[in-house]
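The values are calculated or read from the model by the stated rules, or taken from the named source; none is laboratory data. Predicted model only: the values in this text are computed from it and were never measured. Counting neighbours? That spans all protein chains shown, and the Cβs are built from the backbone with ideal geometry, glycine included.
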Amino acid sequence: MRSIKLTIRNDPADLSVLRETLDRFGAEQGIPGKALFALQVVLDEIVSNVIKYAWPEGGAHEVLVRLAADDTAVRIEVVDDGRPYDPREAPAPAQAAPGSRPRPGGVGIHMVKQLVDGFEYERVDEYNCVRLTKRCIVGARSQTEGPNDKRRA
């Protein structure tokens, strides 16, 4: 299994470093384009929520992100020392009555659940640990891509 670890600050500006790291990891590992796009959305949503909500008292904190890939899947782990929160328990987004606005929130985690094949949470000591799995064939190009094609299926 190939893996990398990245620690970012609880600062929205650090999301760009995380995005670049995932893009580079995806290219190096040959993660298919559709799977990489899903992982970009998922990682951005989970880490954005951690940055926004894990520390209501504020202050400087760190978020640890591990990316790992083998031949059949990509795994992401996000670890923070924020208040305990299991994102799997987020309520489904409310459907708005015709002519009214839906309540804000809840759509992102619902989308994460739809985009990944595995979604786990546990509280270990004083840390939230979210583990996500996206099954895909890693390192293989689609049959329609040529050797110089940068896109992934």
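Taking only the range 64-90 into account, find how many residues are within 16 Å of residue 127 (Cβ to Cβ) and among the charged types (D, E, K, R).
Final tally of qualifying residues: 6.
Considering each residue of the range 1-16, count those that are part of a helix (DSSP H, G or I), surrounded by 13 or more Cβ atoms within 10 Å (Cβ to Cβ) and among the aliphatic types (A, V, I, L, M), and give that number.
Summing the residues that are part of a helix (DSSP H, G or I), surrounded by 13 or more Cβ atoms within 10 Å (Cβ to Cβ) and among the aliphatic types (A, V, I, L, M) in the range 1-16 gives 1.
If you go through the range 49-60 one residue at a time, how many are outside any helix (DSSP H, G or I) and touching a residue at least 60 places away in the same chain (Cβ under 8 Å)?
1
I'd like the residue in the range 113-141 that is assigned to a loop (DSSP other than H, G, I, E, B) and of a type outside the set (A, V, I, L, M) and, out of all such residues, is modelled with the lowest pLDDT.
Looking at residues that are assigned to a loop (DSSP other than H, G, I, E, B) and of a type outside the set (A, V, I, L, M), I get 141.
Criterion first (outside any helix (DSSP H, G or I), within 21 Å of residue 108 (Cα to Cα) and among the basic types (Lys, Arg)) does residue 75 satisfy it?
yes
Report every pair of residues separated by at least 6 positions or lying on different chains whose Cβ atoms are under 8 Å apart, first residue within the range 1-30 and without any contact (Cβ under 8 Å) to a residue 12 or more places away in the chain and closer than 18 Å to residue 72 by Cα, second buried (at least 17 other Cβ atoms within 10 Å of the Cβ) and of a type in the set (Gly, Ala, Ser).
No pair meets every condition.
Look through 31, 46 and report the one residue that is among the hydrophobic types (A, V, I, L, M, F, W, C), assigned to a loop (DSSP other than H, G, I, E, B) and buried (at least 19 other Cβ atoms within 10 Å of the Cβ).
The match here is 31.
Just to be sure before I move on: is residue 20 at pLDDT 95 or above, within 18 Å of the chain's Cα centre (by Cα) and charged (D, E, K, R) in the structure I sent?
yes
So which residues in the range 30-58 are at pLDDT 95 or above and small (Gly, Ala, Ser)?
Result: 30, 33, 35, 38, 48, 54.
So, residue 67, is that one in a strand (DSSP E or B) and either free of Cβ contacts under 8 Å to residues at least 60 places away in the same chain or surrounded by 17 or more Cβ atoms within 10 Å (Cβ to Cβ) (or both) or not?
Against the criterion (in a strand (DSSP E or B) and either free of Cβ contacts under 8 Å to residues at least 60 places away in the same chain or surrounded by 17 or more Cβ atoms within 10 Å (Cβ to Cβ) (or both)), residue 67 qualifies.
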